[in-house]
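The values are calculated or read from the model by the stated rules, or taken from the named source; none is laboratory data. All figures in this text were calculated on a predicted structure; none of them were measured in a lab. Counting neighbours? That spans all protein chains shown, and the Cβs are built from the backbone with ideal geometry, glycine included.
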Amino acid sequence: MINDTLIPSVAVVTDIRTDTPDVKTFRVVTQDGKKPFDHKPGQCAMLSIPGVGEAMFSITSSPTVKEYLEFSIKKCGCLTSWLHMIEPGQEICIRGPYGNSFPVDTDFVDKDLLFVAGGIGLAPLRSVINYCRANRENYRHIDVVYGARSMDDLVDYQEIISEWQKEEDMNVYLTIDRPQEGWNGHVGFVPNYVTELGFDKTRTVIICGPPIMIKFTLAGLTTLGFEKSQIYTTMEMRMKCGVGKCGRCNIGNKYVCHDGPVFRLDQLSELPDEY
Amino acid sequence: MYRISLDSIDNLFAAISAVEKLYIPADREDGQSYFTEWKEGVKLSDNLNTFRSAKGLFFPQVQDLVSFRTEGKKIEVIDTRKETEDFVVFGVRACDAASFGILDRVFLSDPVDSYYKTNRDHGTVMTLACNRPDETCFCTSFGIDPSDPAGDISCWKDKENLYLKSLTEKGEKLVYALKDLLTECDENAADTVKAEVKAVMNELPLSNLKPDDFTGEQLSVFNSEKWKELYRSCIGCGTCTFVCPTCQCYDIKDFNTGKGIERFRCWDSCMYSDFTMMASGTPRLTQLERFRQRFMHKLVYFPMNNDGVYGCVGCGRCLRKCPVSMNIVKVMKSLGGDAK
Ligand SMILES: Cc1cc2nc3c(=O)[nH]c(=O)nc-3n(C[C@H](O)[C@H](O)[C@H](O)COP(=O)(O)OP(=O)(O)OC[C@H]3O[C@@H](n4cnc5c(N)ncnc54)[C@H](O)[C@@H]3O)c2cc1C
Ligand code: SF4
Ligand code: SF4
Ligand code: FES
C-alpha cells in the first residue's frame, strides 16, 4: 500500500513542562526515541489522540534540535484538555510536517530581526528565534517583544530570562497587560510597547499573536514607517487535512495549511480580508 | 467504434458485471435515478442525470481512513485499507466525467490522496452522451460538449443502438473483453445523435452563459456589494454542496466502535456555520461569507490555482435542488460584468 499523509505515526511524549496555568510544552519522540521528522521554522504538525480528536500545532522547538520535537499547547477544547491531562510515557499520533516556513535562509539573512509575540503566539516564533540563535552569524541584531496577560501567562519565562536576555546583540522586552505584585518590568499592551520602543524601520518584523494584537501592532509599525513587505506573520484557520484538500482553511485562493501558515504582509493584503 | 442493439443492452451489462462490479443509473420509487449496482432486473434510467453524481464511487460520502487500538498509554495504528475491486460505472454524463478531472486536480496533486487514487485506478468510466439536455444545463459554458463525453469509453444512444468508442487503455481492455457482443461499425455512426444533441443544446436558455464575463481580480469580486443581495435567500442547508460533482470539502472524525477507534472522513459543506469555527470565533460569521466562499471557490479561487479551469461543470444539480432557487447561474449572471 502506498503511504498516505492522513495516516499518522505513533510517537511518545517524553517530557511535559507546565509553562502557565493553561499552556504546557510537550516533548515528542518516535517509539524508538528519535525525532519524528525534520522540519523548518514555522512548520506545524497534526497531533491526535484516537477517539478524542486531531489538531494542528506549531512546532516550537528549533530545527537545529535533532533529538525531539516540542509543542506548546494551550488548553482550550477537547483534544487540548486531554493533552493537558496526560503523563510522560503517553503515546500520541503525529503527522507532518505541514506548511511553508519563515525565510530564515534567504530574506532574513543579514537583517536586523524584530520578533513581536503575544500569548501563545510565541510558540511558532520560538522555533525561529532559536534557529537564528543557533546560526547567529547569519543575522544581525535580534529584538524580541513579548507580552502576556499576566506574569503567570508568560510562556517559558525561564528560558527567556536565563538564556535569551543574557545574549549579546539580543534584546528581550517583556510586558504584561496590568500591574502585578512582584513584576518590575514593563506594563502595557504589546502594540503600544512596540510603538514606544520606536524601532528603526530597517528591521524585518516577525509577528504572531491574537488577531487584535496583530492588527494594532501593524498600525503602530506603519506609523513608524515600516513597509508591508518587511513584515511576516503566521496565520491560523480551522484545519482538518493539513494538505490543501479538505477545503477548510483557505484565505482567498491560498490554503493556510499548504501555502501558509507563514505570509508576508504585502502578500496577505492581496487576499480577501476573511481571517 | 462498436455498436450493440438496445434490445441486448442487458446482455452487455450482464457481461460486464460477470467480471467487474457495474454501476448504472437506475430509477428508484421517487422517480429519480441513482448509480445502482447492476444485477438482473436493474434497468437503465431514461432520466437526464442522476440525483447525485458518480463522485461517491471515487470519493465516498463516508470513508474509513485508519483504525486505532489503545491500551493504557499505548496506541496501535492499524492500516485497514483493503485491496479495492475493479469496477465499471456506466452512464456518466459529459459534465460529471469532466468533474473527475477537477477532483483529480485536488486529490492527485502532491501529496496524492491514496484513497481517491485507488478508486480512480480501479474504476473504468463509461460515459453516455446526453440526448435531451434541459434548461438547467450549462456544461457548454465550461467548454464541455454533452454530445462528446470523455471517459475511458464514450457511448451514444439512438432509438435502436448503443455506440461505444474506447478512449483509453482501460477502455480498450474492456471493449476487447466484450467484443463477442459488439459489432464493429463506422466511426461516424454516432454523428446523427451528436448533431441532434448539439441542436438541442443551442436552443437552451443557458447556452450563452459565459464564465469569462466573471473573471475579475479576486479582491474586487470578493468585495462586490452584490453578495449582500445574493446570499439573502440562502438558508445554509448545504444541499448544493452535497449534490455537486466537484465539491470536495471533507471532515475527519473519530468513532469508537467499542472494539477500537475508527478514523473516517465524510463530506462536509462550506455552507455550514461551524465549518471554520475556531476557539477565537469564525472568520465567516454570517451566511453571506459562507455563500460567497462556495462561489468564489468555484469561479475565482479554483481557476486561479488551476490554469484557469473552473470548479463547476454546469451539471445544473444545484439549480434543480436548491430549496430557495438560489444557484451558481444567478451568481454568475449577477456578478458578471460590473463586479470587475
Ligand atoms: C497552523 C496552526 C498552528 C497552531 N499552533 C498552535 C500552537 O502552537 N499551540 C496551540 O495551543 N494551539 C495552536 N493552534 C490552535 C489549535 O489547533 C487549536 O487550539 C486546537 O485545534 C483546539 O483543539 P481542541 O480539540 O482542544 O478543541 P475543540 O474541542 O475542537 O474545540 C475547542 C474550541 O477550539 C476551536 N478550534 C478548533 N480548531 C481550531 C483551530 N485550528 N484553531 C483555533 N481554534 C480551533 C473550536 O472551534 C472550539 O471553539 C494552531 C492552529 C493552527 C491552524
Ligand atoms: S456548482 Fe452546481 S452546476 Fe456547478 S458542478 Fe456544482 S452542482 Fe453542478
Ligand atoms: S444555495 Fe440553496 S442549496 Fe445551497 S446552501 Fe443555500 S439554500 Fe441550500
Ligand atoms: S486543512 Fe484541509 S485544506 Fe487546509
Expected single match for within 14 Å of another protein chain (Cβ to nearest Cβ) and either out of contact with any Leu (no Cβ under 7 Å at 6 or more places or on another chain) or closer than 30 Å to A:Met56 by Cα (or both) among A:Gly244, A:Gly188 is A:Gly244
Here is a list: A:Val10, A:Val65. Which entry is in contact (Cβ under 8 Å) with a residue 40 or more places away in the chain, among the aliphatic types (A, V, I, L, M) and within 14 Å of chain B (Cβ to nearest Cβ)?
A:Val10
Tell me, which residue of the stretch B:278-296 that is surrounded by fewer than 18 Cβ atoms within 10 Å (Cβ to Cβ) and more than 14 Å from ligand 4 (Cβ to nearest atom) is farthest from the other protein chains (Cβ to nearest Cβ)?
B:Gln287
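Which one of A:Glu236, A:Glu196, A:Glu270 is within 16 Å of ligand 4 (Cβ to nearest atom) and at pLDDT below 95?
A:Glu236
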What residue, among those in the stretch B:302-327 that are within 16 Å of ligand 4 (Cβ to nearest atom) and surrounded by fewer than 24 Cβ atoms within 10 Å (Cβ to Cβ), is farthest from the other protein chains (Cβ to nearest Cβ)?
B:Asn306
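Would you kindly identify the helices (runs of 4 or more DSSP H) lying entirely within the stretch B:178-249 that contain at least 3 residues that are in contact with an Asp or Glu (Cβ under 9 Å, 6 or more places away or on another chain)?
So the answer is B:191-203, B:218-222.
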Could you check B:Asp113 against (1) buried (at least 23 other Cβ atoms within 10 Å of the Cβ); (2) farther than 30 Å from A:Pro97 by Cβ and say which number it fails?
(2)
Out of B:Cys234, B:Cys270, B:Cys244, B:Cys249, report the one residue that is within 18 Å of B:Phe59 (Cβ to Cβ) and more than 16 Å from ligand 1 (Cβ to nearest atom).
B:Cys244
Go over the candidates A:Val29, A:Val23 one by one and state the one that is more than 21 Å from A:Ser101 (Cβ to Cβ) and modelled with pLDDT of 95 or more.
A:Val29
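Would you pick out the residues in the stretch A:253-267 that are within 13 Å of ligand 4 (Cβ to nearest atom) and either at the interface with another protein chain (Cβ under 7 Å from one of its Cβ atoms) or not in a loop (DSSP other than H, G, I, E, B) (or both)? So that I can check it myself, show each step before the final result.
Applying the first criterion (within 13 Å of ligand 4 (Cβ to nearest atom)) to the stretch A:253-267 yields A:253-261.
Of everything in the stretch A:253-267, those that are within 13 Å of ligand 4 (Cβ to nearest atom) and either at the interface with another protein chain (Cβ under 7 Å from one of its Cβ atoms) or not in a loop (DSSP other than H, G, I, E, B) (or both) turn out to be A:Asn253, A:Lys254, A:Tyr255.
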Is there any pair with a first residue in the stretch B:237-257 that is more than 7 Å from chain A (Cβ to nearest Cβ) and a second that is of a type in the set (D, E, K, R) and assigned to a loop (DSSP other than H, G, I, E, B) whose Cβ atoms are under 9 Å apart and which are 6 or more apart or on different chains, and what are they?
B:Gly238/B:Asp268; B:Thr241/B:Asp268; B:Phe242/B:Arg52; B:Val243/B:Arg52; B:Pro245/B:Arg52
May I ask you to list the residues in the stretch B:294-305 that are within 13 Å of ligand 2 (Cβ to nearest atom) and in contact with a strand residue (DSSP E or B) (Cβ under 8 Å, 6 or more places away or on another chain)?
B:His297
Do you know which residues across the stretch A:207-223 are within 14 Å of chain B (Cβ to nearest Cβ) and either outside any strand (DSSP E or B) or out of contact with any strand residue (DSSP E or B) (no Cβ under 8 Å at 6 or more places or on another chain) (or both)?
A:Gly209, A:Pro210, A:Pro211, A:Ile212, A:Met213, A:Ile214, A:Lys215
State all residues of the stretch B:261-293 that are over 18 Å from B:Cys237 (Cβ atoms) and either touching a residue at least 40 places away in the same chain (Cβ under 8 Å) or among the β-branched types (Val, Ile, Thr) (or both); if no residue qualifies, say none.
B:Ile261, B:Glu262, B:Arg263, B:Phe264, B:Arg265, B:Thr282
Condition check for B:Ile261: crowded, with 20+ Cβ neighbours inside 10 Å, more than 28 Å from B:Ala97 (Cα to Cα) and not assigned by TED's automatic domain parsing to the domain that holds B:Thr140
yes
Can you find a residue in the stretch B:164-180 that is assigned by TED's automatic domain parsing to the domain that holds B:Ile16, at pLDDT 95 or above and within 16 Å of the chain's Cα centre (by Cα)?
no
If you scan the stretch B:54-93, which residues turn out to be surrounded by fewer than 19 Cβ atoms within 10 Å (Cβ to Cβ), within 8 Å of another protein chain (Cβ to nearest Cβ) and of a type outside the set (Ser, Thr, Tyr)?
B:Lys73, B:Lys74, B:Glu76, B:Val77, B:Asp79, B:Arg81
Given the criteria away from chain B (no Cβ under 14 Å), not in a loop (DSSP other than H, G, I, E, B) and not charged (D, E, K, R), does A:Ala45 qualify?
yes
